[in-house]
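Single-structure report; data block below.
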Amino acid sequence: MADLDEPLKRAASLFEEAEQCQEQGRFEDAEKLLVEAKSLVAGNQQACAEVDLLRAISLLKMNEREKGVQSLKAILSDYADLFKNPDSREVYEMVQLERAFSLVHLERKEEALPLLEEALSFELERDVQSDLHCHLGRCYHEHSQYSLAKEHFERADALGVSDDWRPLFHYYFGYTLYELKDFQRAKRQFILCVQSGNSAPPQSMRYAMLAAASRKLGEHSEARRYDEKAKSLGR
């Protein structure tokens, strides 16, 4: 929006300030700035779409995911003609990616899966690509499509898994390998899962799967020890 007329320059400044407010958790301030920015760019569809996208992202960051998803869907219909233009591809891709990830968080994986598959064709930063493959791996795992799940988990691993994803990644990758009867690699993933912090899934589930993999490998004393640990943590 830079280097255009004065209202667009002012709107660009407000947009950047709103992004900073979001990063600081000042969502009410961000919303005020974005409302003002949109009033300045009312005749510019591209700029309006960018403002509406940032407003939807605010809702997602505030954990109002249902409202955020509804806002993202509205953007697709409100700017359908705009998105036919290749120059607006980046905004469209951001909308679809945010929708896909948010639908997974809302446990609406049936809706998320085609969006995640579409996003494979997007040009994404390395860390976002990794998150995309983690989401796809988990969705395919829950559809019992274990070979596809394994493929995406391996791609995520090659790209580097973010700290936020690491516990769930190791758990579902391990569980996928377990279902594919690759018990040695599964056990390794469950060990890494146990070592990767205290966020979801619960430690009792991690140790239970570690016990199951150990039993499959004939390591019965280890399996008993992990079972006891799982039971003690599940109380």
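The values are calculated or read from the model by the stated rules, or taken from the named source; none is laboratory data. This is a predicted model, so every value here is computed, not measured. Cβ placement follows ideal geometry from the backbone for every residue including glycine, while neighbour counts extend to all protein chains displayed. Side chains included, ligands, DNA and RNA excluded: accessible areas come from the protein's heavy atoms. Shrake-Rupley method; radii C 1.70, N 1.55, O 1.52, S 1.80 Å.
General observations
- Filtered trypsin sites (Lys or Arg not before Pro), segment 81-187: DSSP coil and at most 11 other beta carbons within 10 Å: Lys181
- Formal net charge of residues neighbouring Ala100 (Cβ-Cβ distance under 14 Å; K, R +1; D, E -1): -2
- Of all accessible heavy-atom area on the chain, the percent that carbon and sulfur account for (1.4 Å): 46
- Radius 15 Å from Cβ of Ser162, net charge of other residues (Lys, Arg +1; Asp, Glu -1): -2
- Cβ-based charge dipole, segment 122-235, positive-most Cα from His170, Phe122, Pro202: Pro202
- For the chain, a simple Cβ point-charge model (Lys and Arg +1, Asp and Glu -1, everything else neutral) yields a dipole of about 1740 debye relative to the Cα centre.
- Residue-normalised accessible area of the chain, given per residue in Å² at a 1.4 Å probe: 53
- Radius 11 Å from Cβ of Ala186, net charge of other residues (Lys, Arg +1; Asp, Glu -1): +4
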